[in-house]
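The values are calculated or read from the model by the stated rules, or taken from the named source; none is laboratory data. The shown structure was predicted, so the numbers you read here are calculated from the model rather than taken from an experiment. Positions of Cβ are generated from backbone atoms using ideal geometry, with glycine treated the same way; all protein chains shown enter the neighbour counts.
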């Protein structure tokens, strides 16, 4: 496994891989790897000759007052996990290398971002598409793997790839969960013992919504109200949002007649957790894009 820290070395290595006609899979992370990231690496490893993992805590996607400085980091552990998963190249650049000067070009996402997490995190997805545009250019992957835990990000990345004609396929991978249903997240370490016991209620609320749709309920507002009521009754968290939207366009929905996402975000004392289900109109889990 190679550890590459400079843009120049990565570009040189990518040129060599092109000469060898090797397919490249790519997993973008901010480190502090967990089983969710490992699922992405496994998928890439199975489908490509070479797997590239990036570890970069991107300052552009953190807003004022967010946890950039305290975001969990453990480079040595991350490298060990990557090696165990058979990753071929780990790219770990410094922020000064990724953003060396004042930028003269800025990317702005104009759709799919005024809902869900984007609504309370202005500029977040601008930072996401900026760093991914740079990384896609540097790595030139054939496939890029993203977890559906952040389904809004998947939708935005798909739009980025489409609009800017990146010659790659975005591969969404199902959310990896703890035994009790809690979605794997680097921020789960921030939960107190009591919060950790309560947090799986978010997923249970979404599961009840799924069952309601399967039972014939089509009114989005009634389903949203039921999800909120369940989360409020089962946790001490503060709901940021519960929304039902079309997917991947992320437009408001009154009546469920096509593919939707039902998503929730809940603030605990030191963590904001997100979760979602992407469902077909009959309530079945989306099995393909």
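Only one residue in 179, 159 is out of contact with any helix residue (DSSP H, G or I) (no Cβ under 8 Å at 6 or more places or on another chain), assigned by TED's automatic domain parsing to the domain that holds residue 13 and over 18 Å from residue 14 (Cβ atoms), so which one is that? Before the answer, list the steps.
Working: 179 fails: assigned by TED's automatic domain parsing to the domain that holds residue 13.
The conditions single out 159.
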Matching residues in segment 81-135 - criterion: being surrounded by fewer than 20 Cβ atoms within 10 Å (Cβ to Cβ), on the phi > 0 side of the Ramachandran plot and out of contact with any strand residue (DSSP E or B) (no Cβ under 8 Å at 6 or more places or on another chain): 123
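Let's see how each residue does on (1) assigned to a helix (DSSP H, G or I); (2) under 14 Å from the mean Cα position of the chain (by Cα); (3) assigned by TED's automatic domain parsing to the domain that holds residue 130; (4) modelled with pLDDT under 95:
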site	(1), (2), (3), (4)
8	yes, no, yes, no
12	yes, no, yes, no
15	yes, no, yes, no
27	no, yes, yes, no
33	no, yes, yes, yes
40	yes, yes, yes, no
44	yes, no, yes, no
If I filter segment 57-77 for residues that are buried (at least 21 other Cβ atoms within 10 Å of the Cβ), without any contact (Cβ under 8 Å) to a residue 60 or more places away in the chain, in the same structural domain as residue 157 (by TED's automatic domain parsing) and under 23 Å from residue 129 (Cα atoms), do I get at least one hit? no
